[in-house]
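The values are calculated or read from the model by the stated rules, or taken from the named source; none is laboratory data. Everything quoted here is computed from the prediction, not taken from an experiment. FYI the Cβ positions are ideal-geometry reconstructions off the backbone, even for glycines, and counts take in every protein chain you see. Keep in mind that these areas ignore ligands, DNA and RNA; they rest on the heavy atoms of the full protein, side chains included. Shrake-Rupley method; radii C 1.70, N 1.55, O 1.52, S 1.80 Å.
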Amino acid sequence: MARLRGDWTVLGLLRHAGALAADLPALRADATLQWDLSAVSRLDTAGALLLWRAWSGQPPPLAGTRPEHRALFDLLAAGPAPRRARRVDATASEKPAVNALQASFVGLATHLLAVTALAGQLLLDALTLMRHPGAIPWRELSANVYRTGTQALGITALVGFLVGITLSYLTARQLQNYGADIFVINILGLSIPRELGPLLAAIIVAGRSGSSMTAQLGVMRVTQELDALSVLGISHTLRLVLPKVLALAVALPLVVVWTSAVMLGGGMLAAQAELGIDPLRFVQGLPAAVPIANLLLGWTKAVLFGGLIALLACHFGLRIEPNTESLGAGVTQSVVVSITAVIVVDAIFAVAFSNVGL
Amino acid sequence: MDGGAAERPASAVAAPPALIEVRGLLTVMAGTVIHRDLDLDVREGEMLALIGGSGSGKTTLLRMLLGLEVPAAGTIKVFGHPLGRCARIDLECVRHRWGVLFQQGALFTALTVFDNVALPLRELKSLDPGMIETLVMMKLTQVGLRPEDGAKMPSELSGGMIKRVALARALILDPQLLFLDEPTAGLDPDSSKQFVALIRALRRELRLTVVMVTHDVDTLLALADRVAVLADRHLIAVDELAKVARLPHPFVSNFFMGHLQRCEGQGLAGFRATLDEAGGPA
Ligand SMILES: Nc1ncnc2c1ncn2[C@@H]1O[C@H](COP(=O)(O)OP(=O)(O)O)[C@@H](O)[C@H]1O
Ligand SMILES: [Mg+2]
């Protein structure tokens, strides 16, 4: 007779799992042995399953099982429903040979296609607005310029100022070695308006406004606000996406001017401290050091970056499915992809315009 | 006006024209067939309730009727215009003639109650602000909200108030066709009763045709003229409440268990009368 005592519950068994796994099958090996469960104070599904497994699904002669325990064994005897994969992945079942690399290329291609389609739709919407200027969503536009531009002035100024100081200090040390102090104006004047200002502002704005745009659209999906707009016949692209893209394309160049100016200011102060260059001289030296083409190039990039960040943010926002996991993943993806895209486009510009303004 | 016209058995008069016509609908979501060969007519002036088990595809069918999802096959005509294939201008007309009450209200969280209700009017671009204000305030009163509620944000509202605001927004263009997705789900019994009474009253006033998804027997008994039962991927019955309730189908008998008496002539009329009295004039 095998007599079981005590709590056979998932918590009670945790401590003895190893010993039981060894003992129970050994006991079960004797097919005629009677098992007495009457002294078991509590038995839960996990405990019953442990026994059931030890018995390999064939209960031995049982003595004194209580009805509630019997019910558990009957449940196990009936067998659980087979587990089903949550989702049948059509592509995976058709082509098991598709490897991860191919899958990521397919993913990239779908995203590219969708972004292109979205950009095309925006173009059509812009044409519609040109024909019906009354329908231009001025309120949304100005609200977006305020949110993405005005409210970003503080953080971009802080970061720009610090980067300007750092850059100026580092170059000043090197220049001092060659006695070429005055060239700090040229180096800062060349790099900041053309490269660092636009890039830094774009990256900060992508993190700040890109994520909030994606999250906003995602939450609107979750709360069915997007559906409510569709049902009213209000186009998502015209009312939600276009104002964001236009607003950021307008706001980012302005933020870039601001960031570049503050960066140069930081650089100017550091140059005074380190090299003793008079701020007035620094300012007077700038026009000669900054070819006008560089300013134009910086602004062109800023317009492009702004549009691109907002476009990608909206693309990822509209793809969010109504669940929290998708929302988080969408926002992350949006920020990562838009910052990457900004850097890639910047590199393309650097190569394409390598003989302009340098 | 008495509510008799809406509750007269549909067979007693020549069937009114169909506002919604669904033929051979096939819906596939993520590789799973949800509806197959589904046909449905919604006649002018009626209140059609859509019932079915959880996950049977009621919400999906409603989204199809709204053009929010595209069918894999089959046609859906609303006001005679095929959805999805009609010209933009036709679709616009359709959208001005229907109103939708989403399950969670789907109010625009960035806008005040007033702006939410005013939005469909502002979209028309032809009304002056004074007129919009009057219309919105009228509608807010009609759904039982106070004027000062107009300045609130959606996050400051109770569940019952959200539904009322959403209903006001759905009705602001005085549509002919109203869609309700689980109008009383998530409301406490008292708010639920009031809301049902409100819908009954509004329906009489505005001569609405209503399509409603519900899983609440009381809501169904209070409102529905005809009931469509969604099971096994199609509509197993579309008929008057009393007839559907006696259908020998496991889902149907479960759904109406203990409520059969209330679905028939006397019981039903009595129930509706008490509701109208309790709700009072909206
Ligand atoms: N966007 C979607 N993607 C994949 N499956 C979906 C989607 N929407 C609904 N479904 C599936 O369709 C079925 C019907 O859903 P639904 O219409 O919400 O049911 P009901 O409203 O009747 O409870 C469910 O099995 C659900 O999993
Ligand atoms: Mg549903």
Original post:
Just checking, how many residues over the stretch A:171-194 are surrounded by fewer than 18 Cβ atoms within 10 Å (Cβ to Cβ) and either outside any helix (DSSP H, G or I) or β-branched (Val, Ile, Thr) (or both)?
Top reply: 4
Original post:
When you scan the stretch A:225-252, how many residues do you find that are touching a residue at least 24 places away in the same chain (Cβ under 8 Å) and assigned to a loop (DSSP other than H, G, I, E, B)?
Top reply: 1
**OP:** Give the stretch B:168-198 a look and list any residue that's within 16 Å of ligand 2 (Cβ to nearest atom) and within 11 Å of B:MET212 (Cα to Cα), or say none.
**Re:** B:PHE179, B:LEU180, B:ASP181, B:GLU182, B:PRO183, B:THR184
Subject >> Failed item in (1) more than 12 Å from ligand 1 (Cβ to nearest atom); (2) more than 11 Å from chain A (Cβ to nearest Cβ), with B:ALA110 passing the rest >> reply: (2)
**OP:** Report the residue count in the stretch B:157-174 for those that are farther than 14 Å from A:ALA228 by Cβ and in a loop (DSSP other than H, G, I, E, B).
**Re:** 3
Original post:
Among (1) away from every other protein chain (no Cβ under 13 Å); (2) among the basic types (Lys, Arg); (3) surrounded by 20 or more Cβ atoms within 10 Å (Cβ to Cβ), where does B:ARG146 come up short?
Top reply: (3)
Original post:
Which residues, counting only those in the stretch A:103-129, are loosely packed, with under 12 Cβ neighbours inside 10 Å and in contact (Cβ under 8 Å) with a residue 12 or more places away in the chain?
Top reply: none
Original post:
Of the residues that make up the stretch B:114-124, is at least one surrounded by 16 or more Cβ atoms within 10 Å (Cβ to Cβ) and away from chain A (no Cβ under 13 Å)?
Top reply: yes
**OP:** Tell me which residues, restricted to the stretch B:23-33, are free of Cβ contacts under 8 Å to residues at least 60 places away in the same chain and within 15 Å of ligand 1 (Cβ to nearest atom).
**Re:** B:LEU25, B:LEU26, B:THR27, B:VAL28, B:MET29, B:ALA30, B:GLY31, B:THR32
Original post:
A:ALA81: at pLDDT below 85, out of contact with any Lys or Arg (no Cβ under 9 Å at 6 or more places or on another chain) and more than 14 Å from chain B (Cβ to nearest Cβ), yes or no?
Top reply: yes
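Yes/no matrix, rows are residues, columns are (1) open to solvent by less than 70 Å² (accessible area, probe 1.4 Å); (2) more than 48 Å from the chain's Cα centre (by Cα):
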position: A:TRP8; (1), (2): yes, no
position: A:GLN34; (1), (2): no, yes
position: A:ALA39; (1), (2): yes, yes
position: A:ALA48; (1), (2): yes, no
position: A:GLN58; (1), (2): no, yes
position: A:PRO61; (1), (2): yes, yes
position: A:GLY64; (1), (2): yes, yes
**OP:** Look through the stretch B:59-68, keep the residues that are surrounded by fewer than 22 Cβ atoms within 10 Å (Cβ to Cβ) and within 8 Å of ligand 1 (Cβ to nearest atom), and return whichever of them is nearest to the other protein chains (Cβ to nearest Cβ).
**Re:** B:ARG63
Original post:
Among the residues of the stretch A:221-233, how many are open to solvent by less than 10 Å² (accessible area, probe 1.4 Å) and either away from every other protein chain (no Cβ under 11 Å) or modelled with pLDDT under 90 (or both)?
Top reply: 1
Subject >> Selected residue (criterion: nearest to the other protein chains (Cβ to nearest Cβ)) from residues of the stretch A:234-255 that are in contact with a Phe, Trp or Tyr (Cβ under 9 Å, 6 or more places away or on another chain) and open to solvent by 10 Å² or more (accessible area, probe 1.4 Å) >> reply: A:ALA249
Original post:
Taking the condition free of Cβ contacts under 8 Å to residues at least 24 places away in the same chain, assigned by TED's automatic domain parsing to the domain that holds A:VAL303 and either in a helix (DSSP H, G or I) or in contact with a helix residue (DSSP H, G or I) (Cβ under 6 Å, 6 or more places away or on another chain) (or both), does A:GLY154 pass?
Top reply: yes
**OP:** Scan the stretch B:34-87 for residues that are free of Cβ contacts under 8 Å to residues at least 24 places away in the same chain and within 16 Å of ligand 2 (Cβ to nearest atom) and report the count.
**Re:** 3
